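Down below is the structure, laid out as structure tokens.
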Amino acid sequence: MIEKINQLMAEIEGLQAKNAEDIEALRIKYLSKKGEISSLMADFRNVAAEQKREMGQRLNALKDAATAKINALKEQYQSEDHVDESIDLTRPAYPEEVGTRHPLSLVRQQIVDIFARLGFSIAEGPEVEDDWHVYGALNFADDHPARDMQDTFFIQQNPIVVLRSHTSSVQVRVMGEQKPPIRVVCPGRVYRNEAISARAHCFFHQVEGLYIDKNVSFADLKQVLLQFAKEMFGPDTQIRLRPSYFPFTEPSAEMDVSCTLCKGKGCAMCKGAGWLEILGCGMVDPAVLEASGIDSKTYTGYAFGMGVERIANLKYRVKDLRLFSENDQRFLDEFEAAK
Ligand code: DAH
């Protein structure tokens, strides 16, 4: 019996386990009712009386050693990396790469949201257009320089098909489809035949606005544009309207906002003027209303049009227009993550 005890003692000292099942198997093998140690205990009654004391102590020591070893294995298993050594469960998760919104999408959305809160709905129209929607219905004379090959990309000559050079064409589409009151903003891409440089591109983006109803006045236009400027550039922003000319509005104006950088004092961005030009606007010319079948004696309206790149430049101080269309990851990563 003493040999058996010594053998088990040695075995138990060297026990190892890879997982919880192993440990349980060892416990059953040594410590269960039918295990090795219990069967030794059963043999105990055959031990000679004078050896009982010593054997008893040795058996108890064996049982204690087995219990301690199995507990130690359990503890070790619980505290150690027992799942898969190649996985470090304490390591932080990999950061998810979240895409960013394109700055032009951000700014277009901001513009549209502001006007949506003021009651405007959104209208869109095709980029490939006929002469009537881009020029004819907007009161451009046949020999107006904007129709020139220099500005317009012609797709076809007879009948004329062009890439729209402004989103004012969507005004014409809306006036053809809806009856007043009409209150829409029309975001979209436009094309002009210009040499590509830091300051000009052959395509860019505009948001057009149109409001037609009874008794719409220039004061309404000014109020809406002031509200827009304050929401877009901050509550201290001021606006000024300078007389201008567009074939489709009468009177026409260009709107400046107080410089977003120097707040009107004069700096390099506003070239010392304190003001930055951001959009064209005016009262819809009665000839334009009539061309779309709207009675200009009953209805009046205002319109405005702005460049999205221009506003994005002022907000984010992008010096080179080409960055907007080159998809340079370093540039795009600077903008707000997609929500
Ligand atoms: N369509 C003009 C352009 O592309 C911008 C514009 C000016 C639109 C005045 C308007 C407006 O609706 O009233 O330069």
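At the residue level, LEU118 shows approximately 50 square angstrom of accessible surface with a 1.4 angstrom probe and all protein chains present.
For segment 2-79, what does the equivalent ellipsoid look like in terms of its semi-axes, each the square root of 5 times an eigenvalue of the Cα gyration tensor, given largest first in whole Å? Its equivalent ellipsoid spans semi-axes of 26, 12, 9 Å. Sites listed here are GluC sites (Glu not before Pro) in segment 111-203 whose DSSP assignment is loop and whose Cβ has at most 14 other Cβ atoms within 10 Å: GLU124, GLU194.
Note: segment 162-224, Cα convex hull, 101 Å³ per residue. The alpha-carbon atoms of segment 1-151 define a convex hull whose volume equals 252 cubic angstrom per residue. Neighbours of TYR30 by Cβ distance under 14 Å: Lys/Arg scored +1, Asp/Glu scored -1, total +2.
For the pair segment 202-267 and segment 11-84, the centres of their Cα atoms are 88 angstrom apart. For the chain, the list of Cys residues with no other Cys C-beta under 4.7 Å reads CYS186, CYS202, CYS281. Nonpolar atom fraction for segment 2-79, defined as the carbon and sulfur part of the 1.4 Å probe accessible area, stands at 49 percent. A 1.4 Å probe, protein heavy atoms only, puts the accessible area of MET283 near 20 Å². Solvent-accessible surface of segment 280-325, averaged per residue with a 1.4 angstrom probe and all protein chains in place: 39 square angstrom.
Under the rule of -39500 (n - 2.57) per DSSP H run of 4 or more residues, summed and divided by the residues of the chain, what mean residue ellipticity at 222 nm is obtained, to the nearest 500 deg cm²/dmol?
Here the helix-only value at 222 nm equals -11500 deg cm²/dmol.
Model label points for LYS315 and ALA219, set 7 angstrom from Cα along the Cα-to-Cβ axis, are 3.2 nm apart. Can you tell me how much longer the chain between LYS179 and ASP22 gets when fully stretched, taken as 0.36 nm per residue apart minus their C-alpha distance, in nm with one decimal? Computed gain between LYS179 and ASP22 is 48.3 nm. The figure for ASP333 is an accessible area of roughly 90 square angstrom, using a 1.4 Å probe on the protein chains alone.
Restricting attention to segment 289-339, which GluC sites (Glu not before Pro) occupy a DSSP loop and are surrounded by at most 14 other Cβ atoms within 10 Å? Let's see the in-between values first.
Numbers: sites: GLU290, GLU309, GLU326, GLU334, GLU336; in loops: GLU334, GLU336.
Taking segment 289-339 and a limit of 14 other Cβ atoms within 10 Å, the loop GluC sites (Glu not before Pro) found are GLU334, GLU336.
Projected onto its three principal axes, the C-alpha set of segment 48-131 covers 121, 29, 17 Å, listed from the longest axis down.
Put VAL207, VAL98, VAL161 in order of accessible area, highest first, and with a 1.4 Å probe you get VAL98, VAL161, VAL207.
For the chain, count all C-alpha to C-alpha pairs, find those more than 33 Å apart, and express that count as a whole percent of the total. Working shown, then result.
Numbers: 29230 of 57291 pairs.
Looking at the chain, the distances longer than 33 Å represent 51 percent of pairs.
Which GluC sites (Glu not before Pro) from segment 1-86 combine a DSSP loop assignment with at most 11 other Cβ atoms within 10 Å? Sparse-neighbourhood loop GluC sites (Glu not before Pro): GLU80, GLU85. Long-range amide H contacts for THR100: which residues qualify at under 5 Å (H placed 1.01 Å from N, peptide plane, sequence gap of 5 or more or a different chain)? Long-range HN contacts for THR100: ALA338. Of the solvent-accessible surface of segment 160-220, computed with a 1.4 Å probe over protein heavy atoms with every protein chain present, carbon and sulfur atoms account for 47 percent.
The values are calculated or read from the model by the stated rules, or taken from the named source; none is laboratory data. Here the structure is a predicted model, which means the values were calculated and not measured. Glycine also receives a Cβ, built like all others from the backbone with ideal geometry; neighbour counts cover every protein chain displayed. Heavy atoms of the whole protein, side chains included, go into the accessibility calculation; ligands, DNA and RNA do not. Shrake-Rupley method; radii C 1.70, N 1.55, O 1.52, S 1.80 Å.
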